[in-house]
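The values are calculated or read from the model by the stated rules, or taken from the named source; none is laboratory data. Quantities reported herein were computed from a predicted structural model and do not represent experimental measurements. Cβ: placed from backbone, ideal geometry, glycine included. Neighbour counts: every protein chain shown.
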Amino acid sequence: MAVMTRWLDADEQHTWRAYLTATRALMETLDRELQRDAGMPHAYYEVLVRLSEAPGRRLRMSELADATGSSRSRLSHAATRLEASGWVRREACPTDRRGQVAVLTDAGFAALAAAAPGHVEGVRRHLFDALSPAQVDQLRRISETMVDHLTG
C-alpha cells in the first residue's frame, strides 16, 4: 500500500526554510565568535559546559556523547583535542573496564569561565535581543514541545 506524501503547503515551506536558515545562521555565528574570542568551537564549549555541570565535573564518555548530541567517535575526537589543550582528561571507568570517564580539569574550567561571558553575550545579542518577551515565551514553548515530541 502506497503512503500518500503530505507535502508542505507554501506557508509551511516558508516557515521550514526560515527555521533552517535562522538556526543555522545563529549556530554559525555563535561558533565563529567562540572560535575568535575563546579559541574553541561551540561543540567543545558544549562539552566543557556539560562536564562543569556534572557531579565532580566528570561524566562517562557515553553519557557525555548523549548529552551533547554527538556520536561516540566525534566525542572521542573532541576529547582528544580537549586533552591536548589540558582542558579534559580521560580516566578508566571504575565500574566498567571498557568505559572511560571524561573529567574537566581546572584549566578546562578556567577556559570555560573565560569563554562564558562572551558566549552568553552573543546568545543574548543574537537571539534574545531580537525577540519580544512574548516571542521568547513562544520560542521556549515551541522548543519544549518539539523536544518532548522528538525524545518521547
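Quick notes on this structure:
- Entry remark, the stretch 58-83: residues being touching a residue at least 12 places away in the same chain (Cβ under 8 Å) and more than 17 Å from Gly99 (Cα to Cα) number 3 in total.
- Matching residues, the stretch 9-26, being surrounded by 12 or more Cβ atoms within 10 Å (Cβ to Cβ) and without any contact (Cβ under 8 Å) to a residue 24 or more places away in the chain: Thr15, Ala22
- Number of the condition not met by Val136 [criteria: (1) within 19 Å of Leu26 (Cβ to Cβ); (2) at pLDDT 95 or above; (3) under 17 Å from the mean Cα position of the chain (by Cα)]: (3)
- Extreme residue, modelled with the lowest pLDDT, among residues of the stretch 62-87 that are of a type in the set (D, E, K, R) and within 16 Å of the chain's Cα centre (by Cα): Arg72
- Helices (runs of 4 or more DSSP H) wholly inside the stretch 10-78 that include at least 1 residues being closer than 20 Å to Pro117 by Cα: 10-38, 42-53
- Among the numbered conditions (1) free of Cβ contacts under 8 Å to residues at least 40 places away in the same chain; (2) exposed (fewer than 14 other Cβ atoms within 10 Å of the Cβ), the only one that Cys93 does not meet is (2).
- Check on Glu121, without any contact (Cβ under 8 Å) to a residue 12 or more places away in the chain and of a type in the set (D, E, K, R): yes
- Every residue from the stretch 96-109 that is small (Gly, Ala, Ser) and surrounded by 16 or more Cβ atoms within 10 Å (Cβ to Cβ): Ala102, Gly108
- Criterion (surrounded by 15 or more Cβ atoms within 10 Å (Cβ to Cβ) and of a type in the set (Val, Ile, Thr)) met by exactly one of Val88, Val120: Val88
- The stretch 29-55: number of residues that are farther than 17 Å from Thr68 by Cα and free of Cβ contacts under 8 Å to residues at least 12 places away in the same chain: 4
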